[in-house]
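K.L.:
This structure is in structure tokens; I'll ask about it shortly.
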Amino acid sequence: MKNIPQPEELKNAKGADSSDADASKTESAPVIPGTEEPRSMGDILREAELAQSAESSPEADAAAKPKRVKKVSRSQSRRYARERALQALYQWDVSTAQSSDVRTQFIDEQDMSRVDVEYFTQLFNGVSHNPEEVDEAMKGSLDRDIDALDPIERAVLRIATYELTQCQDIPARVVINEGIEITKRFGADKGHRYINGVLDKLAAEVRPLEMKKR
């Protein structure tokens, strides 16, 4: 059976309806310019803080500031140059492409932002323009034919041989260490041990005085 609303309940409901209607009228009524309720100093300061925090947010900073390329040291940029030279020489070695085309492709299409591009070009040209001369210089330090070498190891040895014979300003032990580290990253498992043995022997031959110093 339905509960019958009592007079007091009807009165309260009617009062609530009228107050809602009054509130609705008040909210919808336009505010006459000059009659707005003045903002307190606290409101003004809070609005300023909100605007400032929005401007200094990470999203705003990211949109306002261009992306910066992380700077690297000279030794790091040369390490990247050797790695790019290794990749380019590998591509040149296993393909029929002209060395100039491979070099241009790497400079134009690869990420060279952290690379010493001038040194990359020197290494790549030094090997690809005179491969017979480079191979002859390291042949006596090998225990196998050059063509039997893994292509990655061949490229690493060619770069290091060029540096040992043509870049006297770079210490021999730096050249050897760079060859080992690059082989660890790109070469076969334990291939760096072979590279180490070959380059130690070659460095002792082409830079005997330097290798005797400890």
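Where a number appears in this text, it was derived from the coordinates with a stated rule and is not lab data. For clarity, every value in this text was computed on a predicted model and none was experimentally measured. Methodologically, a virtual Cβ is constructed for each residue, glycine included, from the backbone with ideal geometry; neighbour enumeration extends over all protein chains shown.
K.L.:
State yes or no: is Arg84 within 16 Å of Leu202 (Cα to Cα) and surrounded by 16 or more Cβ atoms within 10 Å (Cβ to Cβ)?
P.N.:
Answer is no for this residue.
K.L.:
Only residues in the range 158-174 that are free of Cβ contacts under 8 Å to residues at least 12 places away in the same chain count as the first member; pair them with residues that are assigned to a helix (DSSP H, G or I) and crowded, with 23+ Cβ neighbours inside 10 Å, Cβ under 6 angstrom, at least 6 apart or cross-chain, and list the lot.
P.N.:
Going by the 6 Å Cβ cut-off, the qualifying pairs are Ile170/Glu163.
K.L.:
Please tell me if Arg144 is outside any helix (DSSP H, G or I) and more than 28 Å from Ala204 (Cα to Cα).
P.N.:
no
K.L.:
Just need a number here: residues in the range 113-129 that are outside any helix (DSSP H, G or I), free of Cβ contacts under 8 Å to residues at least 40 places away in the same chain and surrounded by 16 or more Cβ atoms within 10 Å (Cβ to Cβ).
P.N.:
Within the range 113-129, residues that are outside any helix (DSSP H, G or I), free of Cβ contacts under 8 Å to residues at least 40 places away in the same chain and surrounded by 16 or more Cβ atoms within 10 Å (Cβ to Cβ) number 1.
K.L.:
Still on this structure: Return the total of residues in the range 150-204 being part of a loop (DSSP other than H, G, I, E, B) and under 17 Å from Lys139 (Cα atoms). Please lay out each step first, then the result.
P.N.:
Start the filter on the range 150-204 by keeping residues that are part of a loop (DSSP other than H, G, I, E, B), which leaves 150, 167-171, 187-190.
Now restrict to residues that are under 17 Å from Lys139 (Cα atoms): 150.
Residues flagged as part of a loop (DSSP other than H, G, I, E, B) and under 17 Å from Lys139 (Cα atoms) within the range 150-204 amount to 1.
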